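See structure below.
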Amino acid sequence: MKRRLAAAATLGLSAALALSACSSSSTSGSSSSGGGSVTLHFFGADYGTAGTSNTTQTYWQNIATAFHKQYPNITVDVQTIDWNDFPTKLHTLLQSKNYPDIIEGDAPQSYAQEGIAYKASDVLSESTLANLIPTFAKQGDYQGTEYGIPFTTSTRALYYNKKLFAQAGISAAPTTWAELQADAAKISKLGNSTIGYGMPLGTEEAQAESYMWMLGAGGGYVNGGGAYTINSAANVTAFNFMNTLVKAGDTEANPGTVNRATLWSDFAAGSVGMVGGSPAVVPIIQAAGKLTSSDWATAPFPGENGTVTNPLGVDDQIVALNVHNQQSAIQQFLNFAYQDTYQAQFDKEYDLLPATTSAATAEENDPIFGPFVKAIPTSSAYPTNANWSDVSTKIKQTIGAAVDGTAPATVLGQIQTFALSNQ
Amino acid sequence: MQETVDTPQAAPAPAAEPNRRAGAAAFRPSLARRARRALAPLPWLAPALALIAFVVLWPVWEMFQTSRQHINSYGFNLGDYGWKNYSTLFADPNLGSVMVRTVLWVFAIVAITVLISLGLAQLLNRGFPGRKLVRWALIAPWAASVMMTAIVFRWMLDPNNGVVNVFLHQIGVVHDYNGSQASWLGDPTAALWWMIAVAVFVSVPFTTYALLAGLTSIPADVYEAARMDGAGKWRTYRAITFPLLRPALLVAVLINLMNVFNSFPIIWTMTGGGPDYQTSTSTVYMYALKQFNIGESGALSVVNFGVVILIVLVFLRANRSALKEG
């Protein structure tokens, strides 16, 4: 039944293509000369909620439709999936050899290592390539060549609930761990199921929360030379401190099982004092309608001895696969999708930051996004090691144990061993 | 007693009899004829054998092959790996606790399920007003998707506003929402017990129906004889109901053992096997491994397959006599 429908659709589509090819060959002079119709498979992350109006499926579908109008022989099949299921779904696709042509949301290094990724310069025009923010463009490098193309970016800061701060008698955002601990304790004592500090170490994005704390202690996942230092003394210090927070009841219970999405919506509901977040928290707060814009603010993330000057900067990359040899079609689509209007539309929809220099400059003085944009040049990104994707999955699955009774040194040591033995 | 059970099965036997007698009556057949006779059923069996080879043996062989390859998380085969996946697997610090947990998980669920089902089947075998309704209602957890049931339970246990916590808060058991007491699925031990409860909830209907079928097949005259001999209720149950129920019970237990060992959706949906694999059984752990190393995951699959075969063999051997009687 479905197949017949698909066959009918294909027939209709090809008829339409044939007709449009006859009538208006001038509209798309740049389309490929082969004449055969091409379908590109796009697999991306959903930054909104599937089934609602803000799903990223709609964003990409609109681009694909507009693109198809201009290049009628190229159809882009769009599939998006929420962040929590994204890695599993993507790996299932790849393991069963159903390669997408374009992937948005995964690090490019592993694909480059396998030799199935196009270089960025193969699938993007020079002007677009030059407009990418250098800090993040470097994140797409594998052995000195750029493969990944940053699509959207964010830096992280500390969100705090001014209403709860006032109730607990706190006047300013914390700048050190000690202050954060004192503030979190005061807020969690307010009762009414209030969480002092939200620490999402569940599988959704444990690697980000961990990294923010590691940076606060002067640590990180890798050293300057790119070698893994996951169980470094600084990182263990960070997790020991996180443990004292958890044990004192200043965080939610069992942080290793709580996801970022839960805590962000709890913050928006007014029941969390502080939580680390990207600009994407803003629309959640607005949608919940519980906090007015004067009830909350952001501040730099506190470190052991002062605020973190090199906060976590995350960029989600696009990588194009060469498995189906669709270089020219991919290039046409990406150049189309990286137009300023679409970048701006994405940032507006999800309150994330742009990946292009021109768009970033325009947002520097925005009252909400300004601080996030200004943090980009000094931000710390994730490692670019070829196996980072696997290591990141391992971190998501296991690092929660380090605040759950197992000694941090043991947990971090196991992840370090994994990182080194699965290169 | 034995005769009453055996008679219905003896009925179809004559159909096969003439064949055997004809064979015995014939003179000593030549080797070729004997071979032909031995192979004669093959055309009739062939479709079934081909099906078994295709859906059972071939996948097992493929699974074994996979477990000896080095395949990364992107599905690229990096070549032959010998036994390295197995040595990595057996050196894995998590494997021991995962296997112990699996045994506990299987044993607890099957034991609790069978106990509850024995009682329920007895109840449903009795006439009482509304029996039909109860029998229908019992199908619900079986008919509903396990994944859906698990999601519903996860929501019910939400530390902030799950209905279970709201209720426990109102009766004064849980003091604070969002507290460690309310975070049932965050604590590995509590999470495991809740998931066992859900697993029992979804296994009870099938087990009860299997036992109920066994109960209804016990002839009434046996009970009549027992009553005449003056056997009490408990004695009747122990000496008549339970022994005659054994074949049905064995089948129910065996199917449950394999189902529960392989059960995946409940744990995956409710805790994802976390934190840190502390609620993973071997099936869930196999899936977690698959995200970095398919070969090692394949090695664990082979181990799991062996365990299932072992359970079945031990179980069948232990109950050989009972199965023959049935």
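Which positions within segment A:217-265 get 50 Å² or more of their accessible surface covered by the other protein chains, compared to the chain by itself, with a 1.4 angstrom probe?
Relative to the lone chain, where solvent access is computed with a 1.4 Å probe, segment A:217-265 loses at least 50 Å² at A:253, A:254, A:257.
List the relative contact order of chain A as a percent without decimals, with contacts defined as Cα pairs under 8 Å and 6+ residues apart. The partial results should precede the final answer.
Values: 748 pairs, mean separation 98.8, N = 423.
This gives 23 percent for chain A.
Taking a ≥ b ≥ c as the square roots of the eigenvalues of the Cα gyration tensor of segment B:84-325, is the shape rounded (a/c under 1.5), prolate (a/b larger than b/c) or oblate?
On the way: a/c = 2.71, a/b = 1.38, b/c = 1.97.
Judged from the Cα gyration tensor, segment B:84-325 comes out oblate (a/c at least 1.5, b/c at or above a/b).
Would you mind calculating the gained length between residue B:318 and residue B:170 on full extension (0.36 nm times residue separation, minus the Cα-Cα distance), in nm to one decimal? Intermediate results must be reported in sequence, preceding the final value.
On the way: separation 148, 0.36 × 148 = 53.28 nm, distance 4.91 nm.
Length gained between residue B:318 and residue B:170: 48.4 nm.
7 Å from Cα along Cα→Cβ at both residue A:288 and residue A:125: what's the point-to-point distance in nm?
Each label point lies 7 Å from its Cα, and together they span 4.3 nm.
Taking each residue in B:266-276, count the Cβ atoms of any other chain within 10 Å of its Cβ, then average. What number comes out?
Whole-number average of other-chain Cβ neighbours for B:266-276 is 5.
Net charge around residue B:283, counting only other residues with Cβ within less than 14 Å of its Cβ (Lys, Arg = +1; Asp, Glu = -1)? Walk me through the intermediate numbers first.
Working: positive: B:101, B:290; negative: none.
Charge balance near residue B:283 sits at +2.
List the residue ranges in chain A for DSSP H helices whose C-alpha atoms run 20 angstrom or more along the long axis and whose Kyte-Doolittle average is -0.5 or above.
Numbers: long enough: A:2-23 (31 Å, 0.89); A:56-70 (22 Å, -0.97); A:233-247 (21 Å, 0.62).
Taking the DSSP H segments of chain A (at least 20 Å long, mean hydropathy at least -0.5), we get A:2-23, A:233-247.
With the convex hull built on the Cα atoms of segment B:145-211, state its orientation-averaged projected area in nm². It would help to have the intermediate numbers written out before the result.
Numbers: hull surface 20.5 nm².
For the Cα atoms of segment B:145-211, the hull's average projected area reads 5.1 nm².
I need the P(r) histogram for the protein assembly as shown: all alpha carbon pairs, bin width 20 Å from 0 out to the longest distance, whole percents.
14, 39, 31, 13, 3, 0
What quantity of accessible surface, computed with a 1.4 Å probe and excluding non-protein components, is buried in total between chains B and A, in Å² to the nearest 100? Don't jump to the answer; show the numbers that get you there.
Details: alone 19950 and 18150 Å², together 35610 Å².
That pair of chains buries around 2500 Å² in total.
Taking every residue in A:394-403, how many Cβ atoms of other protein chains lie within 10 Å of its Cβ, on average? Intermediate values should be presented prior to the final figure.
Values: counts 3, 0, 3, 11, 7, 2, 5, 6, 2, 1.
If you average over the peptide's residues, the count of other-chain Cβ atoms is 4.
Can you give the longest run of chain A that contains no trypsin sites (Lys or Arg not before Pro) sitting in a DSSP loop with at most 12 other Cβ atoms inside 10 Å? Don't skip to the end; give the middle numbers.
Details: sites that count: A:97, A:189.
Between exposed loop sites, the widest span is A:190-423.
Suppose R0 equals 25 Å. What FRET efficiency, 1/(1 + (r/R0)^6) with r the Cβ-Cβ distance, do residue B:225 and residue B:126 give to the nearest 0.05? Show your work: numbers first, answer last.
Details: r = 20 Å, r/R0 = 0.80.
According to the calculation, E is roughly 0.80.
Carbon and sulfur: what percent of segment B:84-325's accessible surface (1.4 Å probe)? Walk me through the intermediate numbers first.
Working: 8290 of 12020 Å².
Its accessible area is 69 percent carbon and sulfur atoms.
Taking a probe of 1.4 Å, how large is the accessible area per residue of segment B:84-325, in Å²? Numbers along the way, then the final one.
Working: 12020 Å² over 242 residues.
Per-residue value: 50 Å².
For segment A:330-423, what is the Kirkwood hydrodynamic radius in Å, using each pair of distinct C-alpha atoms? Provide the component values of the computation, followed by the final result.
Values: mean 1/r = 0.0602 Å⁻¹.
Result for segment A:330-423 stands at 16.6 Å.
Pop out the Kirkwood hydrodynamic radius of segment B:240-326 from its pairwise C-alpha distances, inverse of mean 1/r, in Å to one decimal.
Values: mean 1/r = 0.0676 Å⁻¹.
After inverting the mean inverse Cα-Cα distance, the result is 14.8 Å.
Counting only residues 5 or more places away or on other chains, whose amide H sits under 5 Å from the amide H of residue A:41 once H atoms are built in the peptide plane?
Correct list: A:77, A:101, A:102.
For segment A:118-155 and segment A:246-310, what is the separation of their C-alpha centers, rounded to whole Å?
31 Å
Give the accessible surface of chain A per residue, rounded to a whole number of Å², with probe radius 1.4 Å and ligands, DNA and RNA excluded.
For chain A, the per-residue accessible area is 40 Å².
For segment A:89-207, treating each Cα as an identical point scatterer without solvent, what Debye log10 I(q)/I(0) comes out at q = 0.12 1/Å?
Debye output, listed in q order: -0.69.
Other chains' Cβ within 10 Å of A:363-375 residues: what's the mean?
Numbers: counts 0, 0, 0, 0, 0, 0, 0, 0, 0, 0, 0, 0, 0.
The per-residue average across the peptide is 0.
Counting just the Cα atoms, what span does chain A cover along each of its three principal axes? Round to the nearest Å and put the largest first.
Sorted from largest, the Cα extents of chain A read 74, 48, 46 Å.
The values are calculated or read from the model by the stated rules, or taken from the named source; none is laboratory data. Since this is a predicted model, take the numbers as computed values, not measurements. For neighbour counting, all protein chains shown are included, and Cβ atoms are generated from backbone atoms with ideal geometry for every residue, glycine included. Just the protein is used for accessible areas: all its heavy atoms, side chains included, with ligands, DNA and RNA removed. Shrake-Rupley method; radii C 1.70, N 1.55, O 1.52, S 1.80 Å.
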